Amino acid sequence: MHDGGKILTGLAVFLVLALLPFWHNAVGGTAAAPQPKIVTQEKECVAPRETIRSTHMELLNTWRDTVVREGTRTYMDARGKTVNMSLTNTCLSCHPNKKEFCDACHNYLAVSPYCWQCHVEKKESA
Amino acid sequence: MERERRALLKLAGLTVVGLAGGALARTVEASSKHAAKPGTKRLAMVIDPRKCLEKDGCTDCIGACHAAHNVPAIDDPRREVKWIWKEKFSGAFPDQEAEYVDEALTSKPVLVFCNHCDNPPCVRVCPTQATWRRDDGIVMMDWHRCIGCRYCVAGCPYGSRSFNWVDPRPFLKSPTPDFPTRTKGVVEKCTFCDERIGKGQQPACVEACKEKALVFGDLNDPDSAVRQTLRARFALRRKAGLGTRPAIHYLV
């Protein structure tokens with residue numbers, strides 16, 4: 001019955017340590033969700049917004065296989081326009097601000113597509 | 001007892017005949033594979049070495065190809081990457097006895113690149129199908145699938161494949177955005193400019209050659225420029241004895 005003080009101190013220390021991540025966020029705030037910046041004058045992407053957002057990696061894989069393995073290079077997009085299936089020349093023509101756009105999301109998510117080891121990033125003007 | 005033995009022998013005999021028949025059918029099928037499928041193309045190139053040598057030291061085709069495909073200029077011969085280059089005559093045609101052939105030809109380098117074989121050894125050895133033969137005859141490369149095992153480099157009897165021992169980017173002064181570079185650890189080679197052919201253009205080397213030493217076209221079309229050239233003049237293929245059936249023909 002004489003160790004009440006020690007136990008309470010121990011509990012207090014434990015609580016502080018266990019809740020540290022929450023304190024950290026409460027004081028420093030969470031990392032802000034990325035705001036990928038659209039710079040193009042175009043109104044729509046090659047697929048509806050929700051679709052491109054969640055499945056652009058799959059679309060790119062399809063493009064890659066269609067171009068390289070089947071030798072077909074044009075794609076009828078959601079707007080009914082025919083585009084060239086090219087990562088650098090199509091995606092980056094409307095999204096030339098790769099750092100503020102693609103990378104903004106990917107850095108937040110800690111994904112780093114290795115595509116750019118080969119696919120050329122155009123010099124960013126924006 | 002006697003009957004059972006006879007039945008067993010019959011069965012064994014039939015099995016042998018069946019197996020042999022199967023093997024025979026496969027052989028026949030394999031040898032007829034090269035026959036042209038109706039409606040398909042067989043893309044090929046004819047090179048006229050005399051025209052090629054007209055301008056001494058000309059590298060127009062090499063420059064055009066390497067610029068269009070971001071091929072790095074690495075000086076070290078152990079690490080160099082090349083899609084199209086010049087080879088000594090004796091290296092390009094080691095099986096040709098050329099003792100008395102015109103020295104103007106045999107003393108000069110020969111333009112060489114991927115032969116886009118009918119029967120490509122590189123395709124047979126590739127474990128990931130990163131390289132394969134298209135219906136139009138192009139031996140294509142999928143860089144996304146290449147794991148850098150280099151079996152194809154060893155398998156190609158023409159040295160047409162280069163391995164990226166180092167990162168090629170520092171060796172490219174101004175890479176074109178129209179074609180991806182490669183990375184350290186993948187193999188690359190000429191693709192007959194599949195990206196240009198798809199748009200109805202000629203390969204970059206053919207277009208760049210002012211002497212018109214390179215003729216490109218479809219062997220399955222009897223009226224094509226390649227067929228007309230091959231009808232008019234005798235032509236060699238590199239290491240024909242290997243049975244790879246190259247699509248690059250050299251006029252003599």
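Of all residues in the stretch A:67-95, those that are of a type outside the set (S, T, N, Q) and under 16 Å from A:CYS115 (Cβ atoms) total 7.
Residue by residue, here is whether (1) among the basic types (Lys, Arg); (2) in contact with a Phe, Trp or Tyr (Cβ under 7 Å, 6 or more places away or on another chain) holds:
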position: B:ARG78; (1), (2): yes, no
position: B:ILE84; (1), (2): no, yes
position: B:GLU103; (1), (2): no, no
position: B:PHE113; (1), (2): no, yes
position: B:ALA130; (1), (2): no, no
position: B:GLY137; (1), (2): no, no
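Here A:ALA33 fulfils each of the conditions (1) part of a helix (DSSP H, G or I); (2) loosely packed, with under 13 Cβ neighbours inside 10 Å; (3) away from chain B (no Cβ under 14 Å) apart from (1). For the stretch A:111-118, the criterion of being within 14 Å of chain B (Cβ to nearest Cβ), in contact with a Pro (Cβ under 7 Å, 6 or more places away or on another chain) and buried (at least 16 other Cβ atoms within 10 Å of the Cβ) is met by at least one residue. The numbered conditions (1) within 12 Å of chain A (Cβ to nearest Cβ); (2) in a helix (DSSP H, G or I) are all true for B:PRO175 except (2). Inside the stretch B:114-129, residues that are surrounded by 22 or more Cβ atoms within 10 Å (Cβ to Cβ) and in contact with a Ser or Thr (Cβ under 6 Å, 6 or more places away or on another chain) make up a count of 3. A Cβ distance below 7 Å, combined with a sequence gap of six or more or placement on separate chains, defines the contacts here; from the stretch A:68-92, residues that are away from chain B (no Cβ under 11 Å) and loosely packed, with under 15 Cβ neighbours inside 10 Å reach residues that are β-branched (Val, Ile, Thr) and not in a helix (DSSP H, G or I) in the pairs A:MET76/A:THR82; A:ALA78/A:VAL46; A:THR82/A:THR74. Within the stretch B:219-252, restricting attention to residues that are within 15 Å of the chain's Cα centre (by Cα) and part of a strand (DSSP E or B), the residue that is nearest to B:HIS116 (Cα to Cα) is B:ILE248. Scanning the stretch A:77-115 for residues being in a loop (DSSP other than H, G, I, E, B), more than 20 Å from A:LYS43 (Cβ to Cβ) and under 17 Å from the mean Cα position of the chain (by Cα) gives a total of 6.
Quick one: A:ASP103 ticks every box in (1) within 14 Å of another protein chain (Cβ to nearest Cβ); (2) out of contact with any strand residue (DSSP E or B) (no Cβ under 8 Å at 6 or more places or on another chain); (3) charged (D, E, K, R) except a single one, so which number is it? It is condition (1) that A:ASP103 fails. Only one of the numbered conditions (1) in contact (Cβ under 8 Å) with a residue 12 or more places away in the chain; (2) within 21 Å of A:VAL67 (Cα to Cα) is violated by B:TRP132, and that is (1). Considering only residues in the stretch A:26-57 that are of a type in the set (Ser, Thr, Tyr) and within 20 Å of A:SER86 (Cβ to Cβ), the one that is farthest from the chain's Cα centre (by Cα) turns out to be A:THR40. Of the residues that make up the stretch A:52-66, is at least one loosely packed, with under 12 Cβ neighbours inside 10 Å, part of a loop (DSSP other than H, G, I, E, B) and away from chain B (no Cβ under 14 Å)? Within the stretch A:52-66, none of the residues are loosely packed, with under 12 Cβ neighbours inside 10 Å, part of a loop (DSSP other than H, G, I, E, B) and away from chain B (no Cβ under 14 Å). Tell me, yes or no, whether the stretch B:169-187 has at least one residue that is at pLDDT 95 or above and under 13 Å from the mean Cα position of the chain (by Cα). No, there is no match, as no residue in the stretch B:169-187 is at pLDDT 95 or above and under 13 Å from the mean Cα position of the chain (by Cα).
Sort out which residues of the stretch B:178-187 are more than 16 Å from A:LYS122 (Cβ to Cβ), at the interface with chain A (Cβ under 8 Å from one of its Cβ atoms) and in contact (Cβ under 8 Å) with a residue 24 or more places away in the chain, and write them in order of number.
Listed by number, the list holds a single entry, B:ARG182.
Return the residue satisfying two criteria in turn: it lies in the stretch B:236-247 and is among the hydrophobic types (A, V, I, L, M, F, W, C) and farther than 12 Å from B:PHE93 by Cβ, and of such residues it is surrounded by the most Cβ atoms within 10 Å (Cβ to Cβ). Top of the filtered list is B:ALA247. Residues in the stretch B:126-141 that are within 11 Å of another protein chain (Cβ to nearest Cβ), part of a loop (DSSP other than H, G, I, E, B) and more than 11 Å from the chain's Cα centre (by Cα): B:GLN129, B:ALA130, B:ARG134, B:ASP135, B:ASP136. For B:ARG196, indicate whether it is more than 8 Å from chain A (Cβ to nearest Cβ), within 20 Å of B:ASP142 (Cβ to Cβ) and surrounded by fewer than 17 Cβ atoms within 10 Å (Cβ to Cβ). It is true that B:ARG196 is more than 8 Å from chain A (Cβ to nearest Cβ), within 20 Å of B:ASP142 (Cβ to Cβ) and surrounded by fewer than 17 Cβ atoms within 10 Å (Cβ to Cβ).
Taking the stretch A:79-112, which residues are of a type in the set (A, V, I, L, M, F, W, C) and within 18 Å of A:THR55 (Cβ to Cβ)?
A:VAL83, A:MET85, A:LEU87, A:CYS91, A:CYS94, A:PHE101, A:CYS102, A:CYS105, A:LEU109, A:VAL111
The values are calculated or read from the model by the stated rules, or taken from the named source; none is laboratory data. All values reported here derive from a predicted model rather than from experimental measurement. Cβ sites come from the backbone with ideal geometry, for glycine too, and all protein chains shown count toward neighbours.
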